[in-house]
1. Roughly how far apart, in whole Å, are the Cα centres of the stretch 112-183 and the stretch 58-81?
2. How many nm separate the modelled label positions at residue 88 and residue 149, each set 7 Å beyond the Cα in the direction of the Cβ?
3. Can you classify the stretch 51-123 as rounded, prolate or oblate using the Cα gyration tensor, where a ≥ b ≥ c are the square roots of its eigenvalues, rounded means a/c under 1.5, and otherwise it's prolate if a/b beats b/c and oblate if not?
4. By counting other Cβ atoms within 10 Å of each Cβ, how are 159, 264 ranked from fewest to most?
5. So how far apart, in nm, are the two label points at residue 102 and residue 79 if each is 7 Å from Cα heading toward Cβ?
6. Using θ = phi - 60° and the Karplus relation 6.51 cos²θ - 1.76 cosθ + 1.60, list the HN-Hα couplings for the stretch 113-124 in order, rounded to whole Hz, with x at every Gly or Pro.
7. Order of 157, 67 from fewest to most other C-beta atoms within 10 Å?
8. Whole-Hz ³J(HN,Hα) for each residue in the stretch 71-77, computed from phi via Karplus 6.51 cos²θ - 1.76 cosθ + 1.60 with θ = phi - 60°, x for glycine and proline: what do you get?
Amino acid sequence: MSNLTASPSTKLNSSGPISIASPTPSASSQTAGIKRKRLDNLHKTTPVPVAATTESGGTILFYGIEFLKKNPNKRYKFDDVANNAGARDEAAKAMFAKALAMATNSVEVDHNGFGKGQVSYRFKPRYPVRNEKQLKSFLQEQISMRGFAVAQLKEGFPDVGGCVDKLAQHDEVLLWRDKKNMPKMVWANDPSLKIQMDKTFVTKWHEIALPAAQDDLRKKLEAAGIKASSQKKAPLKVGPKQKRKAPRRGGRQTNTHMTNILKDYSHRKV
């Protein structure tokens, strides 16, 4: 048996368990712990400004454009737009001004909108339509018969629904309505192309009585030598199915050098 030698830090007690003193922490571990605590406290106490991140700048721009959309034909000063967008300090306003200058697809900037070099900001709709005159000009300038969604035209012309209804009554536009009879699509129309039919011809046309039954109408057309689209088609005659011949395997035999080794079992085919 080996003898148990106790170290100076170990106390032997016959009446209780052996107690060992905890090791003393080194100087390097204490320094690392202090640095870690300082970094944690720094992250907790240092505030991050709202306009310091790209995401917050984009959020402020979004709220600014939404504010301009509420009154698309009204011009605003920069401070009015910035305050409603949430850019109140100087850093946020500087970032917001750059974002507005770059948002050329949604914001219309006039560097002399209020005179004396005062810049004005206004919402820029998808189509250059803000009133009835611009709507008629915009539709007439189209080189193709393209229709436009009324909901998209509302971006710059909120009263476009009542306007197209009035123009449709004078045959200046063509409308496609939804199930609720609301204008959905609009096309340009030329009233001069509308042909006025003679009243006598219209009266004679409506006096022609059509047979009530579809079979009677078909018989009258066939009697006049006209083939009706509702004519009964004779069933197709289907002949007996012909058996297909099994395809023959062609190709040239390439293993002629082994004819003395290989055997022919073609006679055993079923």
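1. If we compute the Cα centre of each part, the gap is 20 Å.
2. Those two pseudo-labels are separated by 3.7 nm.
3. Prolate is the answer for the stretch 51-123, as a/c is 1.5 or above and a/b outweighs b/c.
4. Least to most surrounded, the residues fall as 264, 159.
5. Inter-label distance under the simple model: 2.7 nm.
6. x, 10, x, 6, x, 7, 7, 10, 10, 8, 5, 9
7. Taking fewest neighbouring Cβ atoms as first place, the list is 67, 157.
8. Whole-Hz 3J(HN,Hα) from phi for the stretch 71-77: 10, x, 9, 9, 9, 10, 7.
Each value in this text was obtained by applying a stated rule to the coordinates, not by laboratory testing. Please read these numbers as outputs of a predicted model, since none were measured by experiment. When we count neighbours, we look across all protein chains shown, and the Cβ atoms used for this are built from the backbone with ideal geometry, even at glycine.
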